[in-house]
Every structure is written in C-alpha cells, then in structure tokens.
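> Dumping the structure here so I can ask a few things about it.
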Amino acid sequence: MGQGKFIERVLFLLALSAISSLVLITVFIFMEGLPLILQTGLKDFILSSHWAPTKGHFGIAAMIVSSLLVTLGALVIGVPLGLACAIVLAEFSHERVKTILKPTLELLAGIPSVVYGFLGVIWLVPLIRNYLGGPGLSLLAASLILGIMILPTVISISIDALTAVPALYREGSIALGATQWQTVRRVVLPAASSGIITAIILGMGRAVGETMAVIMVAGNALQLPTSILDPVRTLTSNIALELGYASGRHREALFATGIVLFVIIMILNFSATVLTRRR
C-alpha cells in the first residue's frame, strides 16, 4: 500500500470518528429523553407551560416561546447591524481597512460568553432597570447580548458572500448609469442573498444554543413573557440550571428538552443547506 493510500485511509478514519461521535451523542440524547416524551405525550410536553418536574409536570411551552422570542430579538438587533457592517466593509471600504477590521470583528467570536454575560449584568441590566423599568434581567437584555454575540457570524459570512459576487455584475450596473449604492442594493445584494440567508440562519442557530450569557441576564423565570421587560427562561438555560441536581424523571425531562433543542437547531442548519443549494 502506497503512502498516499495510507494517508487517505487515516483521514477517512478521522472523519468517520467525528461523524461517529455526533451519532453517539444523538443516540444517547434520544435514548435518555424519548421515553419521557412518550410517557407524557408530545402534545402535553410541548404545549403545556406547567414545569414542576418534582411533582410530575413536564411542560416546556413557556421555555420554547422564550427561546424563540430571545432569538427573534437577537436577529432584529444583530442582523441589520451585521449586514450594514458587511456591506460597508465589502463595498465601500478601502482594502487596507477591510483587512484590519474584518479579523478584528471576527475576534468577537472568541470572547467567552460568560464575559458577555458579565458585561450585561454590570452595564446593561442596570440601564434597563433604571430607564425602562422592570427587574432589568429580562427578555430585552438577553436579546441585546445575543444580538451582539451573533455579529461575528453574520458579518464574516455576509462579507464572504458579497465579495464572491463577480466584479462584472458591478461593472455592468455602473456602466448602465447606476450609482454605487444602487448597484449594491439592486445587483450585489440579490446575487449574494443565499450566502446572507445562510449567515442569518447560522446566527440564529448560535442564538438558540447560547447558554451562559442568557442565564446571567435573562432572569430565568418560568413564565410566558408578556413584555420585553419580563424575565424569561430559555431551553438551554433550563438544562444548565437543573441538570446538576436532577435525577429520575426530572433528568429524563431535561434530556427531552435537549431533544427539542436539537431538533430546532437541526431544522435551522438543514434550512441553511437547502437555501444555499437552491441558490
């Protein structure tokens, strides 16, 4: 067997081991959580808001709604900022400025989430409490923090999508009399839409799966929010807060919560893949 064949097989085994790890994790989560979903009933588990695992009540509707609202708030804040920054860097900035700022913005992804949460507790929560009311630990605080945290994902992928648009598109538009902004808005953005949509969906997946920063600023109240100033508890926060002392059916319920979270994130990633391939 030649050296090239040997290296090929080693790389194949490494790739297979990574896929096997994912499969084992998936099987383990479903084995631990699926029995409780079957016993409780999928409808009662997902549509009920009564979460009292020590008393036999396993409803996660409030946490699902809270997770979706926090993620939606993060997208409302992070996507316009991230897309605007990507457009400026890719279309209107000098190449030297772009080479400096793009890696700097990507460094935001390397900051631990606990640091974001700490800054949120120290600065953001008191501002919300003093100027808007409520406890400060709220849906709004979690959305703002997550909106900042998804910026590196949205900016980086959007810049790559914009720069991948052929220069002929821009030159043809300008030759027809369009301004640079008209070219960006009517030619470049539609051409790069698949990559931008992928950036948004991946940012959404990051927001759905975030734990530590959300625990620190969201308030962790088991209730359906009626205002952006209400405290909330997300699916990830619930798992992190209770898994350390859970046992029996309570532990199974937390794994079942993980199944719901796993399915949501898989749907988002699958949607990104499908949209990209169609484009």
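> Within the group Val214, Val184, Val188, Val232, which residue is in contact with an Asp or Glu (Cβ under 6 Å, 6 or more places away or on another chain) and touching a residue at least 40 places away in the same chain (Cβ under 8 Å)? Break it down into steps so the answer makes sense when it comes.
Working: Val214 fails: in contact with an Asp or Glu (Cβ under 6 Å, 6 or more places away or on another chain); Val188 fails: in contact with an Asp or Glu (Cβ under 6 Å, 6 or more places away or on another chain); Val232 fails: in contact with an Asp or Glu (Cβ under 6 Å, 6 or more places away or on another chain).
Being in contact with an Asp or Glu (Cβ under 6 Å, 6 or more places away or on another chain) and touching a residue at least 40 places away in the same chain (Cβ under 8 Å) holds for just one of Val214, Val184, Val188, Val232, which is Val184.
> Need a quick list: helices (runs of 4 or more DSSP H) entirely within region 168-279 having at least 1 residues that are aromatic (Phe, Trp, Tyr).
Numbers: elements: 180-183, 193-209, 212-217, 235-242, 249-278.
The helices (runs of 4 or more DSSP H) meeting that bar are 180-183, 249-278.
> For residues that are aromatic (Phe, Trp, Tyr) and surrounded by fewer than 19 Cβ atoms within 10 Å (Cβ to Cβ), scanning just region 240-270, find the one that is farthest from the chain's Cα centre (by Cα). Break it down into steps so the answer makes sense when it comes.
Just the residues of region 240-270 that are aromatic (Phe, Trp, Tyr), to begin with: 245, 255, 262, 270.
The next check asks that each one be surrounded by fewer than 19 Cβ atoms within 10 Å (Cβ to Cβ); those that pass are 245, 262, 270.
On the way: Tyr245: 27, Phe262: 12, Phe270: 14 Å.
Filtering region 240-270 for residues that are aromatic (Phe, Trp, Tyr) and surrounded by fewer than 19 Cβ atoms within 10 Å (Cβ to Cβ), the one farthest from the chain's Cα centre (by Cα) comes out as Tyr245.
> Scanning for something farther than 19 Å from Val214 by Cα and within 26 Å of the chain's Cα centre (by Cα), does region 62-73 turn up at least one residue?
Initially, region 62-73 is screened for residues farther than 19 Å from Val214 by Cα, giving none.
No: zero hits.
> Related question: Hey, among Leu222, Leu202, which residue is out of contact with any Cys (no Cβ under 8 Å at 6 or more places or on another chain), under 16 Å from Ser67 (Cβ atoms) and modelled with pLDDT under 90? Walk me through it before giving the result.
On the way: Leu202 fails: under 16 Å from Ser67 (Cβ atoms).
Only one candidate passes the filter, namely Leu222.
> Considering Gly82, Gly110, Gly78, which residue is within 25 Å of the chain's Cα centre (by Cα), more than 20 Å from Gly258 (Cα to Cα), among the small types (Gly, Ala, Ser) and surrounded by fewer than 14 Cβ atoms within 10 Å (Cβ to Cβ)? Before you say what the answer is, go through the steps one by one.
On the way: Gly82 fails: surrounded by fewer than 14 Cβ atoms within 10 Å (Cβ to Cβ); Gly78 fails: surrounded by fewer than 14 Cβ atoms within 10 Å (Cβ to Cβ).
Every option except Gly110 fails the conditions.
> Further, regarding this structure: Of all residues being in contact with a helix residue (DSSP H, G or I) (Cβ under 9 Å, 6 or more places away or on another chain) and outside any helix (DSSP H, G or I) in region 1-48, which is surrounded by the most Cβ atoms within 10 Å (Cβ to Cβ)? Just the residue, please.
Ser48
> A further question on this structure: Criterion first (in contact with a Phe, Trp or Tyr (Cβ under 9 Å, 6 or more places away or on another chain) and either aromatic (Phe, Trp, Tyr) or part of a helix (DSSP H, G or I) (or both)) does Ile100 satisfy it? Steps first, answer last, please.
Numbers: in contact with a Phe, Trp or Tyr (Cβ under 9 Å, 6 or more places away or on another chain): no; either aromatic (Phe, Trp, Tyr) or part of a helix (DSSP H, G or I) (or both): yes.
No; evaluated as a whole, the condition is false for this residue.
> Can you tell me which residue is surrounded by the most Cβ atoms within 10 Å (Cβ to Cβ) among those in region 49-63 that are without any contact (Cβ under 8 Å) to a residue 40 or more places away in the chain and within 25 Å of Thr226 (Cα to Cα)?
At the first step, the residues of region 49-63 found to be without any contact (Cβ under 8 Å) to a residue 40 or more places away in the chain are 50, 52, 55, 57, 59.
Those still in the list that are within 25 Å of Thr226 (Cα to Cα) too: 50, 52, 57, 59.
Values: His50: 14, Ala52: 11, His57: 14, Gly59: 19.
Across region 49-63, the extreme among qualifying residues is Gly59.
> Right, next: I'd like the full set of residues that are closer than 14 Å to Ile60 by Cβ and not hydrophobic (A, V, I, L, M, F, W, C), limited to region 250-271. Give the steps one after another, and end with the answer.
Within region 250-271, the subset closer than 14 Å to Ile60 by Cβ is 250, 252-264.
If the condition is that a residue be closer than 14 Å to Ile60 by Cβ and not hydrophobic (A, V, I, L, M, F, W, C), then His250, Glu252, Thr257, Gly258 are the ones that fit.
The values are calculated or read from the model by the stated rules, or taken from the named source; none is laboratory data. From a predicted model like this one, the values you see are computed outputs, not experimental measurements. So basically every Cβ, Gly included, is an ideal-geometry build from the backbone, and we count neighbours across all protein chains shown.
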